């Protein structure tokens with residue numbers, strides 16, 4: 001580990017709130033609107049940080065601890081993710097299990113805080129979130145295992161620095177399947193459109209948004225920031241698969257960051273051109289992503 | 001080599017799509033697409049020693065599987081008023097997961113089978129085996145007769161995939177014969193579906209169990 005590995009982490013915690021801004025601007029462009037400023041999430045976070053929170057009498061300490069622990073979990077998860085060919089802040093063999101685990105932990109605390117309010121809507125949202133994540137987690141783990149097998153290494157940083165154009169040439173179908181599976185996981189985990197609509201305000205159809213309805217002020221700022229960081233972490237996985245090693249330090253830094261913004265634009269395009277799937281169909285999509293990942297794993301095993 | 005692998009991946013993807021699909025119309029289209037993709041396989045698998053028989057085989061396959069079968073099956077859907085929804089015994093998500101398990105079993109079996117060295121790709125035998133098993137699974141897990149015809153076609157596509165991989169050894173006559181068999185089979189099944197439908201008001205095969213003398 002060298003001092004350069006701090007750069008991906010610093011970039012993540014400073015630039016992550018930009019991604020939702022880019023997604024929203026892309027959607028605005030498709031809808032013919034001017035859209036909110038790119039920095040809107042920063043403004044929102046600044047505003048929320050200066051507000052106090054109101055707590056219901058029925059909630060306990062769990063409700064207050066939820067956003068804090070969730071943010072802590074996702075911060076550690078971000079520290080595990082490399083950016084392109086830059087190694088992550090923390091790297092050790094099989095760290096992708098810890099990565100998946102931390103995302104699960106973040107969700108667990110959000111769900112606990114949601115259940116703690118005693119609101120029936122939040123319970124419904126929590127139930128759906130847990131159900132869907134139970135289907136995305138195998139897809140994520142199998143996809144990462146396939147990459148680990150292709151790269152011949154078990155640490156996220158090593159995997160993404162070794163996966164290169166050669167792998168795409170030799171095992172193109174395998175890499176493409178993993179990429180598609182990771183993209184579906186990204187959309188589902190960040191409650192984006194084919195799975196969940198971040199703009200909906202009907203409690204019956206909301207999944208993630210409904211769980212954080214009762215949070216306000218500082219707590220909600222933590223949740224917003226945590227969501228942006230999670231989006232950054234999963235986009236970094238997708239970007240790491242595509243971005244080649246150019247050899248030059250500056251190019252190795254600029255290309256992945258540009259790739260992150262491109263992923264945000266793609267998410268915006270998907271959101272603008274697709275409708276949200278019916279809740280009954282969503283498990284099929286997620287199991288499909290898992291099937292693609294498993295197929296890639298099997299094909300990769302038998303080169 | 002890369003193109004062959006791409007086609008094999010497409011075959012696996014179409015099979016998985018069939019296992020998870022709920023509409024008869026889209027299933028017919030997927031089977032047709034699979035037939036067209038497989039039609040290109042003999043040309044791509046033997047690019048360096050391309051001969052007239054592979055070209056003829058490819059043209060015949062694309063014509064029959066990509067044009068004649070879909071037209072015939074869509075006609076059966078229209079004439080027999082088949083409901084557009086497939087009624088499965090096994091749910092779509094379970095079918096999809098079973099598909100993944102079947103794929104794993106196929107790969108495992110092909111590591112133990114003495115597969116000939118001359119195959120165009122190391123994925124060819126497992127994918128062929130997967131198509132055969134997936135077709136069998138579709139036949140036993142769907143209620144409607146038409147979905148079972150589709151399962152039969154997928155099964156035949158598996159046999160065909162394996163045959164193409166071995167084409168230098170096997171004769172064109174066998175391939176053509178299989179194609180003709182399948183054509184006649186689908187023809188007969190289509191007519192049967194139509195006639196069953198005219199006699200009875202549904203083509204659910206589960207009701208056949210209650211037929212007793």
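Each reported figure results from applying straightforward, stated rules to the coordinates on display, with no laboratory input. Just so we're clear, the structure is a prediction, and the values are computed from it rather than from any experiment. So basically every Cβ, Gly included, is an ideal-geometry build from the backbone, and we count neighbours across all protein chains shown.
Neighbour counts of other C-beta atoms within 10 Å: give me A:55, B:92, A:225 arranged from fewest to most.
Listed from fewest to most nearby Cβ atoms, that is A:55, B:92, A:225.
Residue by residue along A:282-294, Cβ atoms of other protein chains within 10 Å of the local Cβ number 4 on average.
For chain B, the longest principal axis of the alpha carbon atoms and the long axis of helix B:2-20 meet at an angle near 20°. Counts of other chain beta carbons within 10 angstrom of each beta carbon in peptide A:222-230 average 0. Taking chain A as a Gaussian network of alpha-carbon nodes connected by springs under 10 Å, the highest mean-square fluctuation of the residues A:89, A:98, A:229 belongs to A:98. Overall shape: oblate for segment B:14-90, with the ratio a/c of the largest to smallest alpha carbon gyration tensor axis at 1.5 or above and b/c at least equal to a/b.
Separation of segment A:73-120 and segment A:252-303, taken as the distance between their Cα centroids, equals 19 angstrom. Inter-part distance, segment B:65-105 to segment A:18-63, computed on C-alpha centroids, equals 45 Å. Annotation for segment A:122-189 versus segment B:4-49: alpha-carbon center distance of 25 Å. Using the Cβ-Cβ distance between residue A:245 and residue B:195 with R0 set to 60 Å, the FRET efficiency works out to roughly 0.40.
Residues B:192, A:205 in ascending order of nearby Cβ atoms (within 10 Å, fewest first): B:192, A:205.
Per residue of peptide B:88-95, the mean number of Cβ atoms on other chains within 10 Å of the residue Cβ is 2. Quick check on segment A:161-291: take the gyration tensor over C-alpha atoms, sort the square-rooted eigenvalues as a ≥ b ≥ c, and tell me if it's rounded (a/c under 1.5), prolate or oblate. Oblate shape, in that a/c is at least 1.5 and b/c is the bigger or equal ratio.
When the Cα gyration tensor is reduced to axis lengths a ≥ b ≥ c, the ratio a/c is 1.5 or higher for segment B:2-208, and with a/b not above b/c it is classed as oblate.
Got a sec? How would A:42, B:160 order by Cβ neighbour count within 10 Å, fewest to most?
Least to most surrounded, the residues fall as A:42, B:160.
Stokes-Einstein diffusion for the protein assembly as shown, with the hydrodynamic radius set to the Kirkwood value over Cα pairs and evaluated at 37 °C in a medium of 0.692 mPa s, equals 130 µm²/s.
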